[in-house]
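Have a look at the structure below before the remarks.
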Amino acid sequence: MKTSISVIGAGYVGLVIATCLAELGNEVTLIDIDELKVNSIRNGVSPIYEEGLEDLLRKVNMQVTTDYEKTLPSKIIMLCLGTPSDESGINLNYISEASTKLAGILKRRQDYSVINIKSTIAPGTTEGLIIPSLEKSGKKAGKDFGVCMSPEFLREGKAINDFMNPARIIVGEHDRTSGDVLCQLYEHFNAPIMRTSIKTAEMIKLASNAFLATKISFINEIGNMCKQLGIDAYDVAKGMGFDDRIGNKFLNAGVGFGGSCLPKDLKMLIAKAQEINYEPKILEAVLKLNDEQVVRMLDLLKKHVQLKGAIIGLLGLAFKSGTDDVRDSRAIGIVDALLKEGAIVKAYDPLAIKNFSQIFPQIEYVTIEQVLNSDAILILAECEEFNKLDYKGRIVIDGRRVAKAREAEIYEGICW
Ligand code: UGA
């Protein structure tokens, strides 16, 4: 059913959701407090790189504004604000501030609307923090307004496709009426809809990302052993994957997982476990092993090159290929360590140089060919163009399994 929707937060998730919902014919208002971002989106320029997003943005009709008052006519209000992790834990400030602003709006609303939380939050956050904040309006959840928590499972780089073709839709509902409104919105999607409690929906999102991260650290652990035993971890993963209880996806061994979701969501789940006095043994090991992959990569490099004064070329700076996002990219820890050891770093990435240079303005950003003129090359993302280079005569340490790199004079795969 077509409806009027406000989306609060024009980050990766909010911008993709708003644009897709507008493409599906809904009346969409996208709200963000960042005026520069709002102006850019209004002009059809996406502030982030996401495959196909800019074309869609230019095609659709949606209102983009900094003004929360514009949520007033919307039947559904989606909260898509970031929950980044910082030294003190997970930062819920954006969510808190938005809930307070929405309470001000709810106070003046006569008609019923549903607030739908899309942000990734720990179990209990909607009921413990967001609903009490919204109820400061004097209105009551489940009576005057509805509340749902419906997480997103979008992969960066494939987000539009993932939104339009979801594997499942999880509707965590405060009450039946709230859930009915969301289910109507999703009725034409060709995916199972699971209705559940809000807390369960919050946990489904965290558990899904934690499981994906576990698969990666698991295969990396097997891969680290394989490397020592002279076995190719990719052959092992292939052999395992024929069993459909295991599956053949997300078993690519390498330098580990990064991005704004997997590492942060694991930390969120670990923090929740600690809060309830439960020791999360597997989750902590997954995170630890992931950090150690970076050290392993550097150890392999040091086997072949004296780092002090050496020129080290990096291929791949984003946390994976197909994105300009460098949040928690494995490349950050690697560059940090290389600089500390006195190496000279020359780096290339097809999309992420601008973002990476904000963290490391002091390293040299070069063309893909110039990276080849280094004393050794580290491969940190699996971009297609890395598979077309001439690696002959080079030293390559590969963290992402780029087939062509095997022709290098000295080639080391991290787990193979
Ligand atoms: C992840 C989830 O895959 C999405 O389902 C989820 O919606 C999203 O987080 C989120 O919470 O918003 P994303 O962060 O875009 O999506 O990245 P992934 O494609 O999951 O990759 C994460 C990291 O794992 C990357 O660094 C990637 O290189 C690494 N990876 C992935 C491996 O090392 N091995 C693999 O087999 C797969």
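Figure legend. Inter-residue proximity from segment 270-282: first residues assigned to a helix (DSSP H, G or I), second residues surrounded by 10 or more Cβ atoms within 10 Å (Cβ to Cβ), beta-carbon distance below 6 Å, spacing 6+ or different chains. Indicated pairs: Ile270/Pro280; Ile270/Leu283; Ala271/Gly89; Lys272/Ala122; Ala273/Pro280. Of everything in segment 315-340 that is within 20 Å of Gly52 (Cβ to Cβ) and of a type in the set (A, V, I, L, M, F, W, C), the residue that is most open to solvent (accessible area, probe 1.4 Å) is Phe319. Phe242 meets the conditions (1) in contact with an Asp or Glu (Cβ under 9 Å, 6 or more places away or on another chain); (2) open to solvent by 30 Å² or more (accessible area, probe 1.4 Å); (3) of a type in the set (Phe, Trp, Tyr) in every case but one. The failed one is (1).
For Phe163, state whether it is in contact (Cβ under 8 Å) with a residue 40 or more places away in the chain, surrounded by fewer than 19 Cβ atoms within 10 Å (Cβ to Cβ) and under 23 Å from Thr19 (Cα atoms). No; evaluated as a whole, the condition is false for this residue. Which residue is most open to solvent (accessible area, probe 1.4 Å), if the candidates are limited to segment 107-156 and must be basic (Lys, Arg), without any contact (Cβ under 8 Å) to a residue 12 or more places away in the chain and away from the ligand (no atom under 16 Å from the Cβ)? Checking each candidate, the answer is Lys143.
Could you tell me how many of the residues in segment 31-51 are open to solvent by less than 60 Å² (accessible area, probe 1.4 Å) and part of a helix (DSSP H, G or I)? Looking only at that region, the number is 4.
Determine, yes or no, whether Asp232 is more than 16 Å from the ligand (Cβ to nearest atom), farther than 26 Å from Ile121 by Cβ and open to solvent by 20 Å² or more (accessible area, probe 1.4 Å). Outline the logic, then answer.
On the way: more than 16 Å from the ligand (Cβ to nearest atom): no; farther than 26 Å from Ile121 by Cβ: yes; open to solvent by 20 Å² or more (accessible area, probe 1.4 Å): yes.
No: the conditions fail for Asp232.
Among the residues of this structure, Lys227 counts as one that is open to solvent by 20 Å² or more (accessible area, probe 1.4 Å), part of a helix (DSSP H, G or I) and either modelled with pLDDT of 95 or more or aromatic (Phe, Trp, Tyr) (or both). Pairs linking a residue in segment 21-38 that is on the phi > 0 side of the Ramachandran plot to a residue that is at pLDDT below 95, with Cβ atoms under 9 Å and 6 or more positions apart or on different chains, are Gly25/Lys2.
Number of residues in segment 52-79 that are closer than 22 Å to Arg108 by Cα, aliphatic (A, V, I, L, M) and open to solvent by less than 10 Å² (accessible area, probe 1.4 Å): the value is 4. For segment 288-326, a residue qualifies if it is touching a Ser or Thr at 6+ places or on another chain (Cβ under 8 Å) and within 14 Å of the ligand (Cβ to nearest atom), and the qualifying residues are Leu289, Asn290, Leu317, Ala318, Phe319, Asp325. Among the residues that make up segment 194-207, is at least one of them more than 20 Å from Glu127 (Cβ to Cβ) and either more than 16 Å from the ligand (Cβ to nearest atom) or not in a loop (DSSP other than H, G, I, E, B) (or both)? Within segment 194-207 (the criterion being more than 20 Å from Glu127 (Cβ to Cβ) and either more than 16 Å from the ligand (Cβ to nearest atom) or not in a loop (DSSP other than H, G, I, E, B) (or both)), the answer is no, since none of the residues qualifies.
The set of residues in segment 245-278 being surrounded by fewer than 18 Cβ atoms within 10 Å (Cβ to Cβ) and among the acidic types (Asp, Glu) consists of Glu275 alone.
In this structure, is Arg176 without any contact (Cβ under 8 Å) to a residue 40 or more places away in the chain, within 12 Å of the ligand (Cβ to nearest atom), on the phi < 0 side of the Ramachandran plot and not polar (S, T, N, Q)? Taking the combined requirement at face value, the residue does not satisfy it.
Set side by side, the residues Val28, Val13 differ, and just one is under 25 Å from Leu185 (Cα atoms), surrounded by 18 or more Cβ atoms within 10 Å (Cβ to Cβ) and in contact with a Lys or Arg (Cβ under 8 Å, 6 or more places away or on another chain), which is Val13.
Of all residues in segment 233-258, those that are of a type in the set (A, V, I, L, M, F, W, C) have Cβ atoms under 6 Å from Cβ atoms of residues that are away from the ligand (no atom under 11 Å from the Cβ) and open to solvent by 50 Å² or more (accessible area, probe 1.4 Å), 6 or more apart or on another chain, in Met240/Ile246.
For segment 131-148, the count of residues that are touching a helix residue (DSSP H, G or I) at 6+ places or on another chain (Cβ under 9 Å), within 25 Å of Lys320 (Cα to Cα) and assigned to a helix (DSSP H, G or I) is zero.
Where strands (runs of 3 or more DSSP E) fall wholly inside segment 341-416, the ranges with 1 or more residues that are open to solvent by 40 Å² or more (accessible area, probe 1.4 Å) and more than 24 Å from Gln228 (Cβ to Cβ) are 344-348.
The values are calculated or read from the model by the stated rules, or taken from the named source; none is laboratory data. None of these values were measured; they are calculated from a predicted model. Glycine also receives a Cβ, built like all others from the backbone with ideal geometry; neighbour counts cover every protein chain displayed. Please note that ligands, DNA and RNA were not included when accessible areas were found on the heavy atoms of the full protein model with its side chains. Shrake-Rupley method; radii C 1.70, N 1.55, O 1.52, S 1.80 Å.
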